[in-house]
Amino acid sequence: MRTEPIPGVTGTSVPVARAARWGRWLAGAIALLVAGWLVYLVVDNPNLHWDQVAGYLFDPRILDGVWVTIEISVLATALGLVLGVAIAVLRLSQNPVLSGLATLYIWFFRGTPVLVQLIFWYNLAFLFPELVLKIPFTAIGLKWDTNQVMTGFTSAMLGLGLNLAAYFAETVRAGIQAVDRGQTEAAYALGMTPAKRMRVIVLPQALRIIIPPTGNEFISMLKTTSLVYVVAGHDLMTNASQIYKTNNLIMELLIVASLWYMLMTAVATFLQGRLERRFGSEAVRLVRSGGLSARLLSKAAA
């Protein structure tokens, strides 16, 4: 039994015995054995061809799918963030019509599954065979074939981006409401309009709180893109499925796709950690202390 001295009440060292936690070590050993057994069952399975996994890992079709997955994730996240900020501002508006429409948007897109939204956008031509943009009550405008515009890639970007905007709107709203009310009152005292107050004072502070959680949404988006399979968006999952439909190497291609998803998630997690260190605790300190708002208000007053 190991002991270590700690200062006593009288200033003398008192030996304290550390209790042996045999149950903790036993539970850990059992967990390792079970995990090792499961890994062995997969790795040593004669029906799993690891040489095929290695052969398809850098297949051009797989690499193309990885690139498309990254493109869809970045564009959908950017679209969701921009729309989310706008919807959050409308949600907090004093105008009941704008606030009601923003609430309706959030309710609708959070209440319907992403898969349904993807299929809806991909089959938009059933409702609108042609997309028309023209000056009202005139024949001046542009017209496009919906089937040519709403490709699998476009449908995926719109479906995922519009859905993500509803979730971003709530995140942005929470960030805006975290800004101290006294700072907005100071902005009003300087004669700022509500729009300028939101643009100059509130949003710069709120974004410092909003940006770190954006990494979580992007990581989730990387995996959600696997649903693009249903609209043939040429993403990683779509290309992997097209390959295993021809050679029947279903498990091998799923492992290949999983390895790439895990790699992309690892890179995104690393970048998210950098964002959190850059904006996390420093953002909270600035917002609570009012340091950032003081600088912004002084610039606005000047």
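The values are calculated or read from the model by the stated rules, or taken from the named source; none is laboratory data. Quick caveat: nothing in here was measured; it's all calculated off a predicted structure. Cβ sites come from the backbone with ideal geometry, for glycine too, and all protein chains shown count toward neighbours. In case anyone asks, the SASA skips ligands and DNA or RNA and just uses the protein heavy atoms, side chains included. Shrake-Rupley method; radii C 1.70, N 1.55, O 1.52, S 1.80 Å.
Observations
- When segment 72-132 is reduced to its Cα atoms, the Kirkwood hydrodynamic radius in Å: 13.4 Å
- 37 °C / 0.692 mPa s Stokes-Einstein diffusion coefficient of segment 36-191, Kirkwood radius on C-alpha pairs, µm²/s: 166 µm²/s
- Dipole of segment 99-224 [Lys/Arg +1, Asp/Glu -1 at C-beta], most positive-end residue of Ala206, Ala102, Asn216: Ala206
- Think of a 1.4 Å ball rolled over the protein heavy atoms: segment 200-269 then has 41 Å² of accessible area per residue.
- Dividing the C-alpha radius of gyration of segment 120-193 by 2.2 N^0.38 Å, with N its residue count, gives 1.83.
- In a fully extended conformation the segment linking Asn247 and Ala54 would gain 68.0 nm over its present Cα-Cα distance, using 0.36 nm per residue.
- Cβ-defined net charge surrounding Phe153, 9 Å radius [Lys, Arg +1; Asp, Glu -1]: -2
- Considering only trypsin sites (Lys or Arg not before Pro) in DSSP loops that have at most 14 other Cβ atoms within 10 Å, the longest stretch of the chain without any of them is 22-302.
- Ligands, DNA and RNA left out, the 1.4 Å accessible surface of the chain is 67% carbon and sulfur atoms.
- For the chain, the equivalent ellipsoid derived from the Cα gyration tensor has semi-axes of 43, 40, 15 Å, listed largest first.
- Residue-averaged [θ]222 nm for the chain, counting only DSSP H segments that reach four residues, each worth -39500 (n - 2.57): -23500 deg cm²/dmol
- Membrane-span-like helices in the chain, defined purely by DSSP H runs whose alpha carbon atoms cover 24 Å or more axially and whose average Kyte-Doolittle hydropathy reaches -1.0, are 22-43, 60-91, 152-178, 203-224, 250-289.
- Choice from Leu75, Leu236, Leu127 with maximal GNM fluctuation in the chain (Cα, 10 Å cutoff): Leu127
- Under 15 Å, Cβ to Cβ, from Ala165 - net charge with Lys/Arg +1 and Asp/Glu -1: +1
- Net length available on complete extension from Ser93 to Arg24 is 19.4 nm, with 0.36 nm assigned per residue and the Cα-Cα distance removed.
- Taking the chain as a Gaussian network of alpha-carbon nodes connected by springs under 10 Å, the highest mean-square fluctuation of the residues Leu142, Leu259, Leu101 belongs to Leu142.
- Each Lys and Arg adds +1 at its Cβ and each Asp and Glu adds -1 at its Cβ; summed about the Cα centre, the chain shows a dipole of about 1380 debye.
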